[in-house]
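Where a number appears in this text, it was derived from the coordinates with a stated rule and is not lab data. Everything quoted here is computed from the prediction, not taken from an experiment. Positions of Cβ are backbone-derived with ideal geometry, glycine not excepted, and every protein chain shown enters the neighbour counts.
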Amino acid sequence: MHTASILVYAYAALVIIGGIFGFLKAKSLPSLIMGGVGGLALIAAGAALGHGLTWGLPLAVVLSTFLFVFFSVRYFRTRALMPGGLMAVLSLLALGGILLTTHAK
């Protein structure tokens, strides 16, 4: 399996788990929905990357970038490490890892 695919799957799991925790802790239905939708879209991107389909990389990059920007803005508005700061850092790490592993060939 392609390394980028594994990274995207791991990131997808974190996004889904984050959405579930947001719902359980704050009763935030938007967290649950966006965590589920974002996570499933990342799973699709990971599957595409694993099968060598060209659309997987741009989808993973766009989703990771969007989540990085979203959570960065959230962090700078609230100055709360959880969830904004943590997810911004994880999104940036995921984005960097995806780009590095796909260009390392």
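For the reader, a short list of remarks on this structure follows.
- Based on the Stokes-Einstein relation at 20 °C and a viscosity of 1.002 mPa s, and on the Kirkwood radius from alpha carbon pairs, the stretch 63-105 is assigned a translational diffusion coefficient of 205 µm²/s.
- Value at 222 nm in deg cm²/dmol, rounded to 500, when DSSP H runs of n ≥ 4 in the chain each add -39,500 (n - 2.57): -29000 deg cm²/dmol
- Considering only alpha-carbon pairs that sit under 8 angstrom and 6 or more positions apart, the relative contact order computed for the chain is 28 percent.
- Loop-located chymotrypsin sites (Phe, Trp or Tyr not before Pro) in the stretch 1-84, at most 12 other Cβ atoms within 10 Å (DSSP): 55
- Among 6, 98, sorting on how many other beta-carbon atoms sit within 10 Å of each Cβ, with the fewest leading, yields 6, 98.
- Exposure proxy order (Cβ contacts within 10 Å, fewest to most) of 69, 89: 69, 89
- Trypsin sites (Lys or Arg not before Pro) within the stretch 21-103, DSSP loop, no more than 11 other Cβ atoms inside 10 Å: 27, 79
- Pair-distance distribution P(r) for the stretch 1-48, from all Cα-Cα distances in 5 Å bins starting at 0: 5, 29, 26, 17, 12, 7, 3, 0 percent.
- Likely footprinting exposure, 64, 28, fewest C-beta neighbours within 10 Å first: 28, 64
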